[in-house]
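Down below is the structure, laid out as structure tokens.
The values are calculated or read from the model by the stated rules, or taken from the named source; none is laboratory data. What you see is a predicted model, and the numbers here were worked out from it, not measured in a lab. Here the Cβ positions follow ideal geometry from the backbone for every residue, glycine too, while neighbour counts run over all protein chains shown.
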Amino acid sequence: MQTLLLVYLVSAFLPFIFAGKLKKAIPFFLAFVHFGAFAYFFSKIERIGNGDILRETIPWVPQLGINFDLVLNGLSIAFALLITGTGVLVFLYAHAYMKSYKNLGVFYFYLFLFSAAMLGLVLSGNLIQLFVFWELTSYLSFLLISFFHEKESARNAAFQSLYLTGFGGLVMVAGIILLGSVVGSYSVSDWVVNAEILRAHQFYLPGLMLIFVGVFTKSAQFPFHFWLPGAMQAPTPVSSYLHSATMVKAGIFMLALLSPILGGTSAWTYTLTLTGAITMFMGAYFAITQTDIKAILAYTTISSLGVLVLLLGIDTALSVKAAMLFLFVHAFYKAALFMIAGFIDKKTGTRDWRNLGGLARSMPITFVFAVLASLSMAGLPPMLGFLGKELIYEAKVQSPVIAPYVLVLGVAGNALMIAVALFFLFKVFLGKAKNQVQIKVKTDWAYIIGPGILALLSLFFGLFPAFLGETIVEPALISILKRDYNVELKLWHGFNTVFFLSLFTVFLGFILFYVAYTRDSVLVKWRAFNQRIFSVRFVDVFNNLLKGFLSFSKRKTELVQHGYHRFYILTIFLVASIFLWYQVYVTIGWNLDNVFTLRPFYVSGLVLVIIISTIFSMVSKSRIATIITMGVAGYGIALLFMYYSAIDLAITQIIVETLILVMFVLILQRLPLFARLSSKTTRLRDLFIALSFGSAMTVLALKSINVNFNHPISDFMIENSYTKAYGQNVVNVILVDFRALDTLGEVTVLVVAALGVFVLLKTKKT
Amino acid sequence: MEIVLAILIGVLYTAGVYMLLRRSILKFIIGIIFLSNATNLLVFISSGIIAGQPAFVDGTTPSPNNLSDPLPQALVLTAIVIGFGIVVFTLALKFKFFETTGTDDLDQLQQTDN
Amino acid sequence: MNAIALPIFIPFILIFVMVAVRNSRAAQLISVLGSTLLFVVSLYLFISLKDTKILTLNMGSWEAPFGISLVLDYFSGLMLVTASLIVLCLSVYTIYFMDDEHRNNMFYVFFFSLTMGVNGAFLTGDAFNLYVWFEVILISSFVLITLGNSKQQLEGGIKYLALNLIGSMFFLAGLGLLYGKTGTLNMAHLAHILRASEQPVLINTSAALFFMAFGIKAALFPLFFWLPASYHTANISVTSIFAGLLTKVGVYVLIRFFTLFFVQDQVFWLNLFLIIAGFTMVVGGMAASSHYDTRRILSYHIISQIGYMIMGLGIYTPLAIAGAIFFTIHNMIAKTNIFLVSGMINRSKGSFYLKDIGGLFKQSPILAILFILPAFALAGVPPLSGFFAKFILIKAGIEAGQYLIVAVAIATAMLTLYSMIKIWNEAFLKKAPESSEVEPYFKKPGFPELLPSVILGAASLLMGLFAATVFGYTMVAAEQLLVPTHYIESVLNGLNP
């Protein structure tokens, strides 16, 4: 399997290598790769059916529990067949559909890389690895939706889908890590073994909910569903592949994968059935009022995803069986319908059914396929869709506790689906030909082979469901339920509750259709009604939230980064003062040994002089006075150094002070006078902050004199200065020998400063 | 005496911070100089000070306890020199800034934010 | 192991060579050769860590703690290698992207003095020596940020200078107090004393000063003001250097100090780190998302990412520290790279302002790929480096029960994603606006111009694919940091002063 993924990865880069005439062959070649993979998985069906599990492990970051763990069991093979099988058809279709666009290399690269990521996702046996592929599919979906990137709507839709699914992904990974910390592993098999512990742990509920957020965003569940209709901005092959057959099913896969581990609790059941039921009904409800046929399909996809979530939520053997079957049912008819919709778009230049009609005459073969697919969607016999719907009803009827509510919504949803399917057929293909543009598109076989095969499969499996049931659904079911289960599918179930429910649904659906079809005004009113009732559109909510957040950020940023330099400094010293005083308070325990004394008086006098000149320098209005008093303070400090045995220091201080004074005086003439710019309150406030900081530093200075943990290392220097370093002045010896590296750095600073001043003053104004 | 010196340090810091908070760049630089003097003094006294016993040794076994600690002196010396380099650059920058913009007011510096 | 000093001395020599060399071609060549040598030496040093795990060198052969020791452990080794890689890439990049009037040899003087300071800060085992290196970094960055002398640069330079000077002052004052209390400057010796002391809490005031100092350097909330005010004014090569190296030195020292010897009163400090980390992430991320100038977006984004590193420090488990180190390395590479790419965007379009540019996807697909790599790495897209960086931190946070900071980290990741997608949508996907009159410097960058970005992009990818190796190193580094007995013994060499 790793070889297979590697082949996929390498093949993805082929579109860039193929040049010239070979370019046309790219989709065929990629379809061929898909076909090879399909054949590979197909050949494994028997082994998997016998209960074998193929497993390959490559260590990635084993320390973190992240491995590349590829598992092929009943569940993953079902998805793998779906991905590779529809992959073949989608690439053939893309060959025709995408012909006229530019940048095809990039397109095929994205799309094929997506296939690889999707395949990797369903083969994952490690949840972090699964997340990696999960994210990759989100990002590739983003790139594909924004393929027509010069359209703003496409960019926005792409952003929205990425933002939601990316958010969901991150939340989900937090959930995985949370639950992983219980088990100490991210391997699915380890989770299965520890399922009991997981379900009983206090992290179960938060972890489950976090994972659900990921699943719901990815599989477009209410209230995250709204990105999916937006994603229809993508080229149609992408819509039919990512946004109906594969990527949106990733969440379903995740649920199926986790249901033996986390399922079976009331939290699982209620959350999923509720969300699924709402989504199912809402999708169908909004589908019927759409005018863009791709949007209709998008909403019905949302509805179908809701059905799948609902079924996995009910979590009985029967409902899981129904889910697995419906997975295929939906993939067959929906991908087919998307491709047909894309073909119609190409043929007529429009996707609005109000401008379409009577296409059956000009596109007879397509019409046949559309009929088959629509019947399957409506759940009418003898299509596979009928089987699926019957099973779903059966599962719902037998579902515990909430069955009645679910059933009501289910019947309503299905009736709407029937109406939508018939409406689509009648409006688009039958009736009078509207004056739509007839674009001369060479009826490429590639346009219809995909939908054709899928529609025929819907019919074939409807009539002969045994193969699908026994060889694909059954192993998948066994690997979800973790026990043996016998799947038998029949078209005819006899007269029972389910049959009458079906009959009732069909009846309701036909009435709905009839009303909508015969009276155009009904739909128009209905649409207006929806707009009034559901005045809050989720897309707008999302956009407004984002916009609001951005302007909020902007305001906050301007508040923080306001540009007033002084306030930056003020903030820093304020923080410092609070911080230091707090620490002084915490460490209050030290004793002050020193006695306050003013002896010797000449030192006290010196200190007084420094203090006075400092204060004078602070308040003086004259520049020259300020600078001179500053100098006096500096020289005074030099004298202090001198008195306290630091000869070298005193000399250095005097030299530096003198140089600085000279420089000040030199440039002073070219600078403006001091202006009193701040008000009195400002000055008082500044003084207060300055004082609180200064006093904190006084306390700290006293403290450090009195707290001593150790003899200073300078004892060693004094002892060894003469004997080992041959110098009498210990300070000098320290500078040039003990700590010569400091001096090296110091020299560097001086050199850089000198050169810096040189560069600064030499360069002309720009 | 340490207490007096500690108070001096406090005063120097107060003056430094107060000057930093003025709008004139010149005052700002003077503030920096005060701050660096205060810090140097802080480092200097923090390990204790001894008057009139510079750390000179001549081979006779010295007793470290009677000499002033030479290490902080060396550190402060390094710091003074480094501080000098930086103040010189700051002065040049200030000079250049005034030459380019004709203002000394720090509140005028608002173009690079937001 | 005298080679430990080489990462300091090679740039030191290069400074003087650059002052002497007149020909600018020769200077460029020497700088590339010199930084290649530096990279090789760093790599060699890192590899030679394998046997002893820690290498030390006592300068002037004065035994520790009396002289200055250089110490190379896995943490500093990783930082050193990453920094040298960035320096190497930038030495190539500057050949093409320095503005004409500054493409003189003087730039390289400051470039290498900055490198010297950064390497010195990573290598030194002495607290005061660290201060000296910080000053070297500071003065070099002052000069670099004002190179060009435009009004904006002078203005940004003054703000940058003022706030960083205050930071240095805090650093020096903290050092003085620390020496007053402990009588030593050697970091291992400090750890030895403070870990054995009975009343270590008395050291907290010095720790507070250090925290202020490095908080300013690392651009933490609420001390980061200098960064957004100045970074975008400098030449893009200079900003890239700063983005890759400067704040990370602050983070490096914070992690070093607060794992080695400021280990008292941890409840207070670690909670403080977590709170500050959260604010830093959110404020930086929000500010980034509200801007439209690529350089400003990316500058604010630096701040937001610093939050993640401090988050790792605040969680303080081996995994979290390893995560912080992993994140720092990843961020140095990806952040530098995305600045390099934004420089190329500017050259191709003549502007940094997103509303004025567009259509780059069509114009230069290669640039699109080069942008995608660091942008997706920063957004945390697997399998690039950023995914693992965030994954480790989130895992560490969840396992340590710090759910709040994990939630903040996830929210911030969404902000990052938004910022990156904004640049991608506006600069690459959108049609170029009609009105762009600015004459671009070139239509498509050539291979040598692209090379630095290619190298760094590949580094992000490889770091993700071979995350096990890198993570292994960061884990060793984290263990060395959290249990520093080996560090202390190696430096003090069994001496018990």
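If you go through region C:133-168 and pick out every residue that is assigned to a helix (DSSP H, G or I), over 15 Å from B:Thr90 (Cα atoms) and more than 21 Å from the chain's Cα centre (by Cα), you end up with 2.
Filtering region C:392-401 down to residues that are surrounded by 24 or more Cβ atoms within 10 Å (Cβ to Cβ) and touching a residue at least 24 places away in the same chain (Cβ under 8 Å), which residue is nearest to the other protein chains (Cβ to nearest Cβ)? Walk me through it before giving the result.
Taking region C:392-401 first, the residues surrounded by 24 or more Cβ atoms within 10 Å (Cβ to Cβ) are C:392-397.
Remaining after also requiring touching a residue at least 24 places away in the same chain (Cβ under 8 Å): C:392-393, C:395-397.
Working: C:Ile392: 7, C:Leu393: 11, C:Lys395: 5, C:Ala396: 10, C:Gly397: 9 Å.
Per the stated criteria, the residue is C:Lys395.
Taken over region A:183-205, the residue count meeting the criterion of being touching a Leu at 6+ places or on another chain (Cβ under 8 Å), among the hydrophobic types (A, V, I, L, M, F, W, C) and in contact (Cβ under 8 Å) with a residue 24 or more places away in the chain is 5.
How about region C:127-176: which of its residues are among the aromatic types (Phe, Trp, Tyr) and under 17 Å from A:Leu755 (Cα atoms)?
C:Phe142 - this is the single residue of region C:127-176 that is among the aromatic types (Phe, Trp, Tyr) and under 17 Å from A:Leu755 (Cα atoms).
Restricting region B:67-114 to residues that are β-branched (Val, Ile, Thr) and assigned to a loop (DSSP other than H, G, I, E, B) leaves a set whose member that is modelled with the lowest pLDDT is B:Thr112.
When region A:247-293 is examined, which residues are found to be among the hydroxyl-bearing types (Ser, Thr, Tyr) and assigned to a loop (DSSP other than H, G, I, E, B)? Walk me through how you get there before you give the answer.
Taking region A:247-293 and keeping what is among the hydroxyl-bearing types (Ser, Thr, Tyr), we get A:259, A:265-266, A:269-271, A:273, A:275, A:279, A:285, A:289, A:291.
Listed by number, the residues that qualify are A:Thr265, A:Thr289, A:Thr291.
Specify the residue that is farthest from the other protein chains (Cβ to nearest Cβ); the eligible residues are those in region A:703-714 that are farther than 9 Å from B:Ser47 by Cα and modelled with pLDDT of 75 or more. The extreme case among them is A:Lys703. The condition of being modelled with pLDDT of 85 or more, closer than 24 Å to B:Gly83 by Cα and away from chain C (no Cβ under 13 Å) holds for only one of A:Leu691, A:Leu700, A:Leu741, that being A:Leu691. Only one of the numbered conditions (1) more than 11 Å from chain A (Cβ to nearest Cβ); (2) surrounded by fewer than 24 Cβ atoms within 10 Å (Cβ to Cβ) is violated by C:Met106, and that is (1). Candidates are the residues of region B:43-66 that are closer than 30 Å to C:Met169 by Cα and part of a helix (DSSP H, G or I); the one that is modelled with the lowest pLDDT is B:Pro64. Here A:Gly105 meets each of (1) outside any helix (DSSP H, G or I); (2) under 29 Å from the mean Cα position of the chain (by Cα); (3) surrounded by fewer than 21 Cβ atoms within 10 Å (Cβ to Cβ) with one exception, condition (1). When every residue of region C:109-117 is checked against the conditions, none turns out to be within 12 Å of chain B (Cβ to nearest Cβ) and aliphatic (A, V, I, L, M).
Please find, within region A:469-508, the residue that is surrounded by the most Cβ atoms within 10 Å (Cβ to Cβ) out of those that are more than 30 Å from A:Val71 (Cα to Cα) and of a type in the set (Gly, Ala, Ser). Among those residues, the one meeting the criterion is A:Ser502. In the set (1) more than 7 Å from every other protein chain (Cβ to nearest Cβ); (2) touching a Gly at 6+ places or on another chain (Cβ under 8 Å); (3) among the β-branched types (Val, Ile, Thr), C:Ile139 fails one condition alone, (1). One residue stands out in region C:149-204 among those that are aromatic (Phe, Trp, Tyr) and within 17 Å of C:Asp126 (Cβ to Cβ): the one that is farthest from the other protein chains (Cβ to nearest Cβ), namely C:Phe171. Looking across region A:147-187, just one residue is surrounded by fewer than 21 Cβ atoms within 10 Å (Cβ to Cβ) and among the basic types (Lys, Arg), and that is A:Lys151. Comparison of A:Leu639, A:Leu659, A:Leu570 shows that the only residue that is out of contact with any Cys (no Cβ under 7 Å at 6 or more places or on another chain), part of a helix (DSSP H, G or I) and more than 9 Å from chain B (Cβ to nearest Cβ) is A:Leu639.
Among C:Thr94, C:Thr82, C:Thr146, which is at the interface with chain B (Cβ under 8 Å from one of its Cβ atoms) and closer than 30 Å to C:Phe447 by Cα?
Values: C:Thr94 fails: at the interface with chain B (Cβ under 8 Å from one of its Cβ atoms); C:Thr82 fails: at the interface with chain B (Cβ under 8 Å from one of its Cβ atoms).
One residue alone meets the criteria, C:Thr146.
Can you say whether A:Leu608 is surrounded by 18 or more Cβ atoms within 10 Å (Cβ to Cβ) and either among the basic types (Lys, Arg) or closer than 24 Å to A:Ser692 by Cβ (or both), as far as the supplied structure shows? Here the answer is no, as A:Leu608 does not meet what is asked. Residues that are assigned to a helix (DSSP H, G or I), touching a Lys or Arg at 6+ places or on another chain (Cβ under 9 Å) and more than 14 Å from chain C (Cβ to nearest Cβ) do occur in region A:62-77.
Selection of region A:302-318 for residues being surrounded by 24 or more Cβ atoms within 10 Å (Cβ to Cβ) and touching a residue at least 60 places away in the same chain (Cβ under 8 Å) yields A:Ile302, A:Ser303, A:Leu305, A:Gly306, A:Val307, A:Leu308, A:Val309, A:Leu310, A:Leu311, A:Leu312, A:Ile314. Kindly evaluate A:Val603 against the criterion of being within 30 Å of A:Phe222 (Cα to Cα), modelled with pLDDT under 85, surrounded by 12 or more Cβ atoms within 10 Å (Cβ to Cβ) and not polar (S, T, N, Q). No.
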